[in-house]
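This report concerns only the one structure given below.
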Amino acid sequence: AQSATYHLPKTALRISVLVEKKSYTPGRLSEYANRFLKKNVEQEAFDHYRIINQDLELYAIPDSSRIFEAKLENKLNITSFSLTEDNILLGINAEGKGPKIKEPFVPAPKPEPLDPYKYLSQEIVSTGSKLKMAELCANEIFDIRESINELTRGQADYMPKDGLQLEIMLKNLSTQEKAIRQFFEGVTTTDTLEHVFIYVPEKEKQKEILYRFSSHFGMVDTDDLSGEPYYAIVEDL
């Protein structure tokens, strides 16, 4: 008689942790930000991490301690078995549905970084003094802001013909100002990372460290005391 070897299922947890990473890089002229723009900015690069979401999903794994053999028995009207790829029993005389596999996290595409040098005049680019460059860049920023104010008040010498053209001009000026400000304010980029942990609850495991997390380093090893511990606690109900 034909037969099938199968496992009974055991519960496992798939724990997905989304971590936001912000990386700051100081600008080339950051030391002059307060002098020319009246802004206090960080002078050293740094990374900062924070947990933005945690998701817990139950799924089945084969229980290696519970393996059975089932025979096809015509007199019991057992004609077929449905098993998963790892031999967990899904159905008898029926096609059972396997577990749905959660799609991995895909971060949103990041915008193209701005190149501030594209918006600088030849005079600014060719100057050999950082102080002089900072002064010229600051003047450029204030000139752009003045142009934006004149356009929004309708006082510019060359006003656009319609609202769409005005919107395009304001957007271009804002992009230009933002790009040049990067020399003073630096650049902050944001990434979202997914960390997945598989945990199998056991009665004898009452409390154990699942992972450690640091706002300075992100996920760290479970024995790395720079991170705060996050525990898995199992209660037998």
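The values are calculated or read from the model by the stated rules, or taken from the named source; none is laboratory data. None of the values given here were measured: they were computed from a predicted structure. When we count neighbours, we look across all protein chains shown, and the Cβ atoms used for this are built from the backbone with ideal geometry, even at glycine. Please note that ligands, DNA and RNA were not included when accessible areas were found on the heavy atoms of the full protein model with its side chains. Shrake-Rupley method; radii C 1.70, N 1.55, O 1.52, S 1.80 Å.
Some values worked out for this structure:
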quantity	calculated
So LEU114, is it touching a Lys or Arg at 6+ places or on another chain (Cβ under 9 Å) and under 27 Å from LYS171 (Cβ atoms)	yes
The one condition in (1) over 30 Å from THR11 (Cβ atoms); (2) open to solvent by 50 Å² or more (accessible area, probe 1.4 Å); (3) in contact (Cβ under 8 Å) with a residue 40 or more places away in the chain; (4) small (Gly, Ala, Ser) that ALA138 fails to fulfil	(2)
Scan of the range 114-135 for residues that are of a type in the set (A, V, I, L, M, F, W, C), in contact (Cβ under 8 Å) with a residue 40 or more places away in the chain and either in contact with a Cys (Cβ under 7 Å, 6 or more places away or on another chain) or farther than 27 Å from THR189 by Cβ (or both), ordered by number	LEU131
Only listed residue being under 30 Å from THR190 (Cβ atoms) and not polar (S, T, N, Q), chosen from GLU85, GLU103	GLU103
Count - residues of the range 57-92 that are more than 19 Å from PRO9 (Cβ to Cβ) and in contact (Cβ under 8 Å) with a residue 40 or more places away in the chain	3
Residue list for the range 57-111, filter: basic (Lys, Arg) and closer than 30 Å to THR175 by Cβ	LYS110
Residue tally, condition loosely packed, with under 11 Cβ neighbours inside 10 Å and at pLDDT 95 or above, over the range 115-132	0
Selection count, the range 42-81, where residues are loosely packed, with under 12 Cβ neighbours inside 10 Å and either aliphatic (A, V, I, L, M) or outside any strand (DSSP E or B) (or both)	11
Matching option when the condition is under 24 Å from TYR24 (Cβ atoms), among the acidic types (Asp, Glu) and either modelled with pLDDT under 95 or in a helix (DSSP H, G or I) (or both), among GLU135, GLU140	GLU140
Single unsatisfied condition, TYR158 versus (1) open to solvent by 80 Å² or more (accessible area, probe 1.4 Å); (2) touching a Cys at 6+ places or on another chain (Cβ under 7 Å)	(2)
Residues (open to solvent by 60 Å² or more (accessible area, probe 1.4 Å), in contact with a Phe, Trp or Tyr (Cβ under 7 Å, 6 or more places away or on another chain) and in contact (Cβ under 8 Å) with a residue 40 or more places away in the chain) located in the range 170-215	THR188
Pairs, first in contact (Cβ under 8 Å) with a residue 12 or more places away in the chain and open to solvent by 100 Å² or more (accessible area, probe 1.4 Å) in the range 218-237, second basic (Lys, Arg) and outside any strand (DSSP E or B), C-beta under 7 Å, six or more apart	ASP236/LYS203
